[in-house]
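Single-structure report; data block below.
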Amino acid sequence: MEVLWRGNANAWECDELGHLNVRFYLAKATEAVGALAQMIAMPGAFQPRATATLLARSMTIRFLAEVQPGAPLAIRGGVIDHDETGLTAALILDHCAQERAAAAITVRLDHYAPDFARTFPWSRRTRAALDGLRVDTPAECMPRSLSDGPPERQVSLKRADALGLEAVGRGMINPYEVDALGHMRAEFAFGKISNSVVHLESGFPEQWAAFREGRPLEAASAVLEARLNFHRWPRAGTGYVVRTGLARVTDKVRTLVHWVCDPADGKALWTMEAVGCLMDLKARKLKPADPETLAMMQAAVVDGLKA
């Protein structure tokens, strides 16, 4: 695998849990995709007047080890597969000093023409470069608890109402959240949900109770793995609404499904399935739910909910 990015975990990228916030894994992965584009003869893919770019259709991420402020990091990657108009890449975020993987990301990228809003075939030169970057799927990229079905296509605010999905977030895509081509940057798809999920009392009742009672957090929600599916790429000024429900629950993990829709037309923007847990902030490990809390969460599960 080729080294596609080197840097560190800046203090301002870390959150109240004391580790790198989920959105910045994707921000760094996006830079790595830019380096990959250069290696496949697409050096201008992310510049303002690009005639061809790489547009993510889905991203799966597994968080393997905590990243604390200042840690030296690198991303290595390669091409798992490609067809006539797209590729699937594997990206491994490494703890350089610890010599172990901190996260593994699999991303499906379309070869996309911004001017015509469609995919189109690779050039012969790029196909040859893609073949030269081939790798086997790393073991770290294999999902553990995520569902493996196709993306949910029946996503809308109307259906969210019918299913009783909770409204946990709402806002707008800001000008500083888009790339040079005007599309929302991938890290904000995760970030908007990360900012909102605390409102799902049924998903993390322990955390909600601490905030309600004004107690210091002893345990908080953390994501173990997630899959994002991009239905449309919003531009600056587009509104969004996050509708969320519990899909599966055990004493150790909670699987949440998030539908993010445009309030103007009710249609899907992006969706995410996330397998989370409650993390003991002192022991820095998963904290199982007690029987009463587990029963409460199981009662809130929405049958058949998919991202």
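Among (1) touching a helix residue (DSSP H, G or I) at 6+ places or on another chain (Cβ under 6 Å); (2) closer than 23 Å to GLY164 by Cα, which single condition is SER202 missing?
Unmet for SER202, out of (1) touching a helix residue (DSSP H, G or I) at 6+ places or on another chain (Cβ under 6 Å); (2) closer than 23 Å to GLY164 by Cα: (1).
Restricting attention to region 1-51, which residues are among the hydroxyl-bearing types (Ser, Thr, Tyr) and more than 30 Å from GLN68 (Cβ to Cβ)? Don't jump to the end; show me each part of the working.
Within region 1-51, the subset among the hydroxyl-bearing types (Ser, Thr, Tyr) is 25, 30, 51.
Within region 1-51, just THR51 meets the criteria.
Let's see how each residue does on (1) part of a loop (DSSP other than H, G, I, E, B); (2) more than 24 Å from VAL107 (Cα to Cα); (3) among the aliphatic types (A, V, I, L, M):
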site: ARG232; (1), (2), (3): yes, no, no
site: ARG235; (1), (2), (3): yes, no, no
site: THR244; (1), (2), (3): no, no, no
site: HIS258; (1), (2), (3): no, no, no
site: ALA264; (1), (2), (3): yes, yes, yes
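Any chance you could count how many residues in region 167-189 are in contact with a helix residue (DSSP H, G or I) (Cβ under 7 Å, 6 or more places away or on another chain) and acidic (Asp, Glu)?
Result for region 167-189: 2.
Residues checked against (1) among the aromatic types (Phe, Trp, Tyr); (2) under 26 Å from PHE188 (Cβ atoms); (3) under 15 Å from the mean Cα position of the chain (by Cα):
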{"site": "ILE75", "(1), (2), (3)": "no, yes, no"}
{"site": "VAL79", "(1), (2), (3)": "no, yes, no"}
{"site": "HIS82", "(1), (2), (3)": "no, no, no"}
{"site": "VAL107", "(1), (2), (3)": "no, yes, yes"}
{"site": "GLY132", "(1), (2), (3)": "no, no, no"}
{"site": "SER156", "(1), (2), (3)": "no, yes, no"}
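Does ARG127 count as surrounded by fewer than 18 Cβ atoms within 10 Å (Cβ to Cβ), in a helix (DSSP H, G or I) and either among the aromatic types (Phe, Trp, Tyr) or in the same structural domain as VAL241 (by TED's automatic domain parsing) (or both)? Write out each step before concluding.
Values: surrounded by fewer than 18 Cβ atoms within 10 Å (Cβ to Cβ): yes; in a helix (DSSP H, G or I): yes; either among the aromatic types (Phe, Trp, Tyr) or in the same structural domain as VAL241 (by TED's automatic domain parsing) (or both): no.
Spelling it out, it is not the case that ARG127 is surrounded by fewer than 18 Cβ atoms within 10 Å (Cβ to Cβ), in a helix (DSSP H, G or I) and either among the aromatic types (Phe, Trp, Tyr) or in the same structural domain as VAL241 (by TED's automatic domain parsing) (or both).
Select from region 3-13 the residues that are out of contact with any helix residue (DSSP H, G or I) (no Cβ under 8 Å at 6 or more places or on another chain) and either among the aromatic types (Phe, Trp, Tyr) or within 16 Å of SER221 (Cβ to Cβ) (or both) and list them in ascending order.
Across region 3-13, the qualifying residue is only TRP12.
Read through the list (1) in a strand (DSSP E or B); (2) without any contact (Cβ under 8 Å) to a residue 40 or more places away in the chain, then give the number of the only condition that THR106 fails.
THR106 satisfies every listed condition except (2).
Would you mind stating whether LEU20 is more than 18 Å from CYS141 (Cα to Cα) and surrounded by 18 or more Cβ atoms within 10 Å (Cβ to Cβ)?
yes
In this structure, does THR106 turn out to be of a type in the set (S, T, N, Q), within 30 Å of ALA50 (Cα to Cα) and surrounded by 20 or more Cβ atoms within 10 Å (Cβ to Cβ)?
It is true that THR106 is of a type in the set (S, T, N, Q), within 30 Å of ALA50 (Cα to Cα) and surrounded by 20 or more Cβ atoms within 10 Å (Cβ to Cβ).
The values are calculated or read from the model by the stated rules, or taken from the named source; none is laboratory data. Note that this is a predicted model, so its numbers are computed, not measured. For neighbour counting, all protein chains shown are included, and Cβ atoms are generated from backbone atoms with ideal geometry for every residue, glycine included.
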